[in-house]
Every structure is written in C-alpha cells, then in structure tokens.
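Peer 1: Pasting a structure below so you can have a look.
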Amino acid sequence: MLSMDELALLEAIRETGSLSRAAAALGRAPSTVSHAARQLETRFDALLFDRRRYRLQLTPAGHLLAQEAARLVQDVSRLTQRVKQVAGGWEDRLWIVTDEILEFEMLLPLIRSFDALKSGVTLRITHEVLSGNWEALREGRADLVVGATNEPPVIPKLRWFELGVMEWVFAISPHHPLAGAKEPLEPEQISAHRSIVVADSARRIDVRGYGVLGGQPTLAVPGMHEKILAQRDGLGVGWLPRGRIASLLKRGELIEMRTANPREPNTLYIGWRGDHAGRAMDWWLEKLKQKRLAAFLVRGVDRFA
C-alpha cells in the first residue's frame, strides 16, 4: 500500500519533471522529497526515476507506478465521497426497475431533477415484464419497482402504493380476418387467431400472460412497442393500452373491437422494500406519488402520433 504522501509525491514528480519543483508543489524540502523517492525505489526494488537527463523522467516501471498511483488517488477520493454520502443518509446506488410498458423517455425529466441534487447516488434503471418486476424486488435485482402490472405478492418488508389504472382496448389491423366479424367477439372466434404477447420476464416462478385464451397460438415479442407494431401489421390480435395507440385508432391503422369478455383495467403499482429506504428512495417515492406525474406515466407515450 502507498501512503497518501507517497501518492502525492509520485503525482507531483510526474507533473513537474523535477524533484525541486515537486518539492515546491508539495511544500517540502528538496532533500526530503529526494529521500522519499529513493525510499520508494528501495521498497519496490526497482529503478523508478531516470536521473540521467536535465529533466527528471520516470522509467517505464515509474510510469506504471505513477499511473496506478493516480488511479488510486481518484479511487480514494471517490471512496471518501461515497462514505460521506452514505453517512449523510444517501444510498450508494439506487436500482430502479420499471415495467417494460413504461417508456424510458418519461423518466428523463425525473433523472435530470435528481441529478440536480448532486447526491452522488448512482442510478441504475432496467426493466422487467409482468411477474418479473416483483421477482426482481424479491431477489435483490431492484430497490424500487415502478409500474408493476399485477398485484403485490408476499415479500418480506414489502411496501407499495397504486400508481394508477391503465385502460386496455382489443385492437386489430383493419386487414385482419376478424376485422369484418360480428361484434361482440366471442372467445371461440378470438382463440382461432394468433395472440401477440409480451413475454413475462420472471425467471423462477410461473410466468403470466394477459388476454391469452386456452389453446390459442401466440407470438411472443420483446415489448409493448413491438406488440403494437405486430398487431398493426395484422400478425395477430390482443389487448393494447389505449393511451399508447390513440393516433393509430384515430387514423384507422388499428380498429377497436368489442368482445364478449372485456378486459378489466390494470392497476399499476409502485413497490419497494421498507428496510432499504434512504434519501434517494424517499425522493423518488415523493415524486411518484404526485398525481400529475402518475397519470402521465400510466397514460404513456403515443409514439405513432
């Protein structure tokens, strides 16, 4: 291990190219700096400084030590900041998992506002689908889940509140065979056609799917945007969030069909572990409880407008 004084010495010599100038920069006597430099060489049993030229230069071994010393200085500085940060009630990092249905761009204003706090908290934002949200929280792959679309399961210390309610519409391409069928559509009619589904991302529990009838063929796609595209192109049928396809419905690129068994609106949830709270978590929860923001997140982005 190098002491902070030794780290500073290496950096000063590297920057100034002179023992005397390094000594002046450090506020120490040249003889003291020269002695410390020789002690470093003795400790590493290597020639670190090339003294043959007018300007003191580092040998290749000295360059390596100086580079690593500079990195260590930065690491120590970051560690010091992180310790102060956590001691002040901020988390070291906050892992936020959003349901895939929530578009990332809706979080950008929140991230900018959070950055303005200069808390030092590292944000990590990923997404899951359906049961995968709660599973991520249970298994420690999330500190906070946003927009989970099924009811909160039993998780130790789980805390949650409702974000809002999402309305769904059974929508198909005007060129799909069902487009000319008599309404309301019966389950037998729907099950004869392929359903487009967003695959549940849960890894360890039984995955879930919405709007799929027994024996119905399916096409699993990566996300809601892809599901909308597939249904718009007539590749299958299914339920879509009304707010995200409003322009497609208006232009007739998708048409709404009434069904004999309508789908109930989904409640979206915010969830976190009560024993993992900190100032960053408190900040995000306060923002997500704002009704205007919650309504915006639930309504979503119409990318086809």
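Peer 1: Could you list, in sequence order, all residues of the range 279-305 that are within 27 Å of V154 (Cα to Cα), surrounded by fewer than 18 Cβ atoms within 10 Å (Cβ to Cβ) and either in contact with an Asp or Glu (Cβ under 8 Å, 6 or more places away or on another chain) or of a type in the set (D, E, K, R) (or both)?
Peer 2: Scanning the range 279-305 gives R279, D282, E286, K287, K289, K291.
Peer 1: Kindly provide the set of residues from the range 25-52 that are among the hydrophobic types (A, V, I, L, M, F, W, C), open to solvent by less than 80 Å² (accessible area, probe 1.4 Å) and free of Cβ contacts under 8 Å to residues at least 24 places away in the same chain, ordered by number.
Peer 2: A25, L26, A29, A46, L48
Peer 1: Please give the number of the condition R251 fails out of (1) open to solvent by 30 Å² or more (accessible area, probe 1.4 Å); (2) modelled with pLDDT under 95; (3) under 22 Å from R299 (Cβ atoms).
Peer 2: Failing condition for R251: (2).
Peer 1: If you don't mind, there's one more thing I want to ask. Tally time: how many residues in the range 111-126 are open to solvent by 60 Å² or more (accessible area, probe 1.4 Å) and either modelled with pLDDT under 95 or in contact with a Pro (Cβ under 6 Å, 6 or more places away or on another chain) (or both)?
Peer 2: Final tally of qualifying residues: 3.
Peer 1: Could you please tell me which pairs satisfy a Cβ distance under 6 Å, a separation of 6+ or placement on different chains, a first residue in the range 109-127 that is under 28 Å from R203 (Cβ atoms), and a second residue that is β-branched (V, I, T) and open to solvent by less than 50 Å² (accessible area, probe 1.4 Å)?
Peer 2: I125/I96; T126/V97; H127/T98
Peer 1: Here is a further query. I'm trying to understand the selection: among the residues of the range 266-278, which are loosely packed, with under 15 Cβ neighbours inside 10 Å and in contact with a strand residue (DSSP E or B) (Cβ under 8 Å, 6 or more places away or on another chain)?
Peer 2: Result: G274, single match.
Peer 1: Go through the residues of the range 275-286 one by one and say whether even a single one is of a type outside the set (D, E, K, R) and closer than 23 Å to V197 by Cβ.
Peer 2: Looking through the range 275-286, none of the residues is of a type outside the set (D, E, K, R) and closer than 23 Å to V197 by Cβ.
Peer 1: Yes or no: L65 open to solvent by 30 Å² or more (accessible area, probe 1.4 Å), closer than 17 Å to M4 by Cα and in contact (Cβ under 8 Å) with a residue 24 or more places away in the chain?
Peer 2: Values: open to solvent by 30 Å² or more (accessible area, probe 1.4 Å): no; closer than 17 Å to M4 by Cα: yes; in contact (Cβ under 8 Å) with a residue 24 or more places away in the chain: yes.
So L65 does not fit the description; no.
Peer 1: All but one of (1) at pLDDT below 85; (2) open to solvent by 40 Å² or more (accessible area, probe 1.4 Å); (3) under 30 Å from I270 (Cα atoms) hold for D75, so report the exception by its number.
Peer 2: Going through (1) at pLDDT below 85; (2) open to solvent by 40 Å² or more (accessible area, probe 1.4 Å); (3) under 30 Å from I270 (Cα atoms) one by one, D75 breaks only (3).
The values are calculated or read from the model by the stated rules, or taken from the named source; none is laboratory data. All figures in this text were calculated on a predicted structure; none of them were measured in a lab. We place every Cβ from the backbone using ideal geometry, glycine too, and count neighbours over all the protein chains shown. Each accessible area value is taken on the protein alone, full model and side chains, heavy atoms only, with ligands, DNA and RNA left out. Shrake-Rupley method; radii C 1.70, N 1.55, O 1.52, S 1.80 Å.
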